[in-house]
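**Student:** Here it is, the structure, as structure tokens.
The values are calculated or read from the model by the stated rules, or taken from the named source; none is laboratory data. Not measured: the values here are computed from a predicted model. Using ideal geometry, Cβ is built from the backbone for each residue, glycine included, and neighbour counts are taken over all protein chains shown.
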Amino acid sequence: MTRITLVFLSAGLGLAAVAGAVGLVAGQDSLVRISAWSGGIPLLLAMLFSGAFIQADSRRIGTYTDDGESLRRRNDWSARCLLLAVPSLLLCAGAYFL
């Protein structure tokens, strides 16, 4: 793993820990809501950076005409936002189902 990956994963774990601490003080409903918001916003950003909201034809043309560097940067930011989102979303699912 690269250093930047560990930084974003650590930040995601810290965000989940803060959301969990606030949610435990406020109750289980708040825990689910806060962890869902703290995981949902980075997940939406990851989807935005990956191009999930773009039509397939536009995405194909953009990938064809785009240089490899900007595509790599978008994929890197998408992965970083996903690393921020995963711990909070796991906390949300665990709190909801348990």
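**Student:** How many residues does the range 72-89 contain that are in contact (Cβ under 8 Å) with a residue 60 or more places away in the chain and within 14 Å of residue 18 (Cα to Cα)?
**Tutor:** Qualifying residue count for the region: 4.
**Student:** Answer yes or no: is there a residue in the range 16-36 that is on the phi > 0 side of the Ramachandran plot and free of Cβ contacts under 8 Å to residues at least 24 places away in the same chain.
**Tutor:** yes
**Student:** Still on this structure, please answer the following. Among the listed residues 52, 46, which satisfies the condition of being closer than 30 Å to residue 70 by Cα, surrounded by 15 or more Cβ atoms within 10 Å (Cβ to Cβ) and of a type in the set (Gly, Ala, Ser)?
**Tutor:** 46
**Student:** Mind checking whether some residue in the range 18-34 is closer than 14 Å to residue 90 by Cα and basic (Lys, Arg)?
**Tutor:** yes
**Student:** Enumerate the pairs (first residue in the range 46-70 and closer than 27 Å to residue 84 by Cβ; second residue anywhere and modelled with pLDDT of 75 or more and surrounded by 13 or more Cβ atoms within 10 Å (Cβ to Cβ)) with beta-carbon separation below 6 Å, excluding pairs fewer than 6 apart on the same chain, so at least 6 apart or on different chains.
**Tutor:** Matching pairs, first to second residue: 46/78; 46/81; 46/82; 49/74; 49/77; 49/78; 50/78; 59/51.
**Student:** May I ask you to list the residues in the range 43-70 that are in a helix (DSSP H, G or I), among the aliphatic types (A, V, I, L, M) and at pLDDT below 80?
**Tutor:** 56, 61
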